[in-house]
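Participant: This is the structure, below, for whatever I ask next.
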Amino acid sequence: MIEAVVLTPAVEADHAEIVELSNWAYRGTGPQSSWTVESFLEGDRTNVVALRADLARAPQAQILIWRAANGELQGHCWVEPLQAGVWYLGLLSVRPDRQDQKLGRRLLAAAEDHARHCGAKRMQMTVINIRATLIAWYERRGYALSREVRPFPYGDDRFGRPLRDDLSFVVLERQL
């Protein structure tokens, strides 16, 4: 039986575990690494200080967590209302050692349901431009590339240190 995805807002006590899972999903190496690893960036994806600062800068944002019945963190995501009916989704992370169980698509659907319940009509996200496989994954789930491209924050190591000079963020959107 497939366990339902129940999302709850993260509290400060969850932050270290969120950081650990984010870094494993985005930068992990070895046999249990994720297919979504960002090998073109070095260093951690985030840390507790940066996560708390990001949350302080965006007081309407929430990190939603998904725990298994045994309490183990399965995944998490950042959701944030941007403007009337438009929400941002980011930091979507699931346990790399369980990706063959379709955790990502289940977490994505639950995050969209949460945002829709809160009044979202459209979900928006940014993905690094060279992540063709990840962009295609989101497109299969109903997201489409917009024409908007945002600069990569070179010199700001919050996302890691880039190993290339051609990075930017593309914006994907989906009507909910």
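Taken together, the values in this text are just the output of simple stated rules run on the coordinates, not laboratory data. Quick caveat, the model's predicted, so the values are computed rather than measured. Using ideal geometry, Cβ is built from the backbone for each residue, glycine included, and neighbour counts are taken over all protein chains shown.
Participant: Between ALA136 and ARG164, 0.36 nm times their residue separation minus their Cα-Cα distance comes to what?
Facilitator: Between ALA136 and ARG164, full extension yields 7.9 nm more.
Participant: Then there's this: Can you give the alpha-carbon Rg of the chain over 2.2 N^0.38 Å, where N counts its residues?
Facilitator: Cα Rg divided by the expected 2.2 N^0.38 Å: 0.98.
Participant: Next question. Kindly put ASP54, ASP157 in sequence by how many other C-beta atoms sit within 10 Å of each C-beta, fewest to most.
Facilitator: ASP157, ASP54
Participant: Longest segment of the chain with no GluC sites (Glu not before Pro) in a DSSP loop having at most 16 other Cβ atoms within 10 Å?
Facilitator: The longest uninterrupted stretch comes out as 73-176.
Participant: Only Cα pairs within less than 10 Å get springs; with that Gaussian network setup on the chain, which residue of ASP113, ASP100, ASP14 has the largest fluctuation?
Facilitator: In this elastic network of the chain, the residue with the biggest mean-square fluctuation among ASP113, ASP100, ASP14 is ASP100.
Participant: Further, regarding this structure: Between ALA109 and ASN47, what is the label-point separation in nm under the 7 Å Cα-to-beta-carbon projection?
Facilitator: 3.8 nm
Participant: Could you give the length gained on full extension between ARG116 and TYR154, defined as 0.36 nm per residue of separation minus the Cα-Cα distance, in nm?
Facilitator: Working it through step by step, the gained length comes to 10.3 nm.
Participant: How do the peptides 140-146, 77-83, 92-98 rank, highest first, by the average count of neighbouring beta carbon atoms within 10 Å per residue?
Facilitator: Peptide ranking by packing, descending: 92-98, 77-83, 140-146.
Participant: Still on this structure, I have one more. Would you mind calculating the gained length between SER146 and GLU12 on full extension (0.36 nm times residue separation, minus the Cα-Cα distance), in nm to one decimal?
Facilitator: Using 0.36 nm per residue and subtracting the Cα-Cα distance, I get 44.8 nm.
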